[in-house]
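K.L.:
Take a look at the following structure, please.
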Amino acid sequence: MIAIFNAETIRNFNPTDFKIYECISQNEPLVVYMTIRELADCAGVSTASILRFCQKCGFAGYKELKFTLKNMLKKQSNVPNNNVSEIIDCIQKFEQPLYKARLEKALDILSEDVQIICIGIGNSGITARYAARRLSSLKKFSLCIDDPFYSVELPKTNTVALAFSVSGEREEVIRMVESFKKSGCPTIVVTVSETSLLSKYADVTLPYYLSYKGLSKVIDTTSQVPATALIEILANMLYERKQQEA
């Protein structure tokens, strides 16, 4: 049960209310960024039903529900966690229906006849190199740029940028991604938060909602395991699609 809903209220839910409640419970980290229309589409109900649901639960409206949910998630993230359990919880979120929809959008881009440029610096550069190698094993032409000062003539077509940045705020990575976007290249961004500046340049953002452990502006100790897991998930999805099309 989600903490912001009490048991008595839930007992009085009608079938439509339960559809909304289940959609929220399955997609908690994503709902705080969704519009009322997006939540309605996810739950398969009308926006009017969402508003009635909010009022039944004691909220003035949808904005108050999102605000309360966001604060609840923030408090939960401030509770000391075993790093392993936090990572496992993070990866399990990739199985949520709305997140799977994001992965499908990324897969649609990567499945095209394109060359893939994986971008990252520091620890994320290591992850980007692994992504390029993993995708190359599936016979996708993939390269890695982990030097922000590396000069490259950007192609106009058939190129996808796959960018990795934990904070999503590194100026060097943002500058590289911005160059690809100006050349008309679709961009997929893997980062801890979809509200980061880097995400604003993305056609698809794959956030992994892990606590950011930055020691300074250029040094962080945040785990790369979730980002690596996303690479594996995308690679497996790409392999399965290739098998279906064969």
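K.L.:
Ranking request for peptides 15-27, 158-170, 124-136: highest mean number of other beta-carbon atoms within 10 Å first, then the rest in descending order.
P.N.:
158-170, 124-136, 15-27
K.L.:
List, in the order given, every pair from Lys19/Lys56; Lys140/Lys242; Lys19/Lys74 whose Cα-Cα distance in the structure shown is over 20 Å.
P.N.:
Long pairs (Cα-Cα over 20 Å): Lys19/Lys74.
K.L.:
A follow-up question, please. Pulled fully out, how much extra length does the chain show between Leu143 and Arg241, if you take 0.36 nm times their separation in residues and subtract their Cα-Cα distance?
P.N.:
Result: 33.1 nm gained on full extension.
K.L.:
Residue by residue through the range 172-182, which ³J(HN,Hα) values in whole Hz follow from phi under the Karplus form 6.51 cos²θ - 1.76 cosθ + 1.60 (θ = phi - 60°), with glycine and proline marked x?
P.N.:
For the range 172-182, the Karplus-derived couplings read 5, 5, 4, 5, 5, 5, 4, 5, 5, 5, 5 Hz, x marking Gly and Pro.
K.L.:
How much length would be gained if the chain were fully extended between Glu22 and Thr221, taking 0.36 nm per residue of separation minus their Cα-Cα distance, in nm to one decimal?
P.N.:
The span from Glu22 to Thr221 would gain 68.2 nm if fully extended.
K.L.:
By how many nm would the segment from Ser85 to Ser136 grow when fully extended, if each residue of separation counts as 0.36 nm and the alpha-carbon distance is taken off?
P.N.:
Gain in length upon complete extension: 15.2 nm.
K.L.:
Let me ask something else. Could you sort 49-61, 222-234 so that the peptide with the highest average Cβ count within 10 Å comes first and the rest follow in order?
P.N.:
Order by mean packing, descending: 222-234, 49-61.
K.L.:
If you don't mind, another one. Cα to Cα, under 14 Å, and not fewer than 8 places away if on the same chain: which aspartates and glutamates meet these conditions relative to Lys200?
P.N.:
Straight-line reach from Lys200, under 14 Å: Glu169, Glu171, Glu178.
K.L.:
Same structure again: Could you give the angle, 0 to 90 degrees to the nearest 10, between helix 97-110's Cα long axis and the longest principal axis of the Cα atoms of the chain?
P.N.:
The angle comes out at about 20 degrees.
K.L.:
What net charge do the residues around Val177 carry, taking every other residue with its C-beta under 15 Å from that of Val177, with Lys and Arg at +1 and Asp and Glu at -1?
P.N.:
Taking every other residue near Val177 into account, the sum is -3.
K.L.:
Now, a different point. Would you mind checking which residues have amide H under 5 Å from Ser142's amide H? H placed 1.01 Å from N; only 5 or more apart, or other chain.
P.N.:
The list, which skips near neighbours in sequence, is Ile116.
K.L.:
In the neighborhood of Ile116, defined by Cβ-to-Cβ distances under 13 Å, what is the net charge if each Lys or Arg adds +1 and each Asp or Glu adds -1?
P.N.:
Once all neighbours under 13 Å are counted, the net charge is +3.
Values quoted throughout were computed directly from the atomic coordinates according to the rules given, and no laboratory measurement underlies them. Since the structure is predicted, the reported quantities are computational estimates derived from the model, not experimental observations. We place every Cβ from the backbone using ideal geometry, glycine too, and count neighbours over all the protein chains shown.
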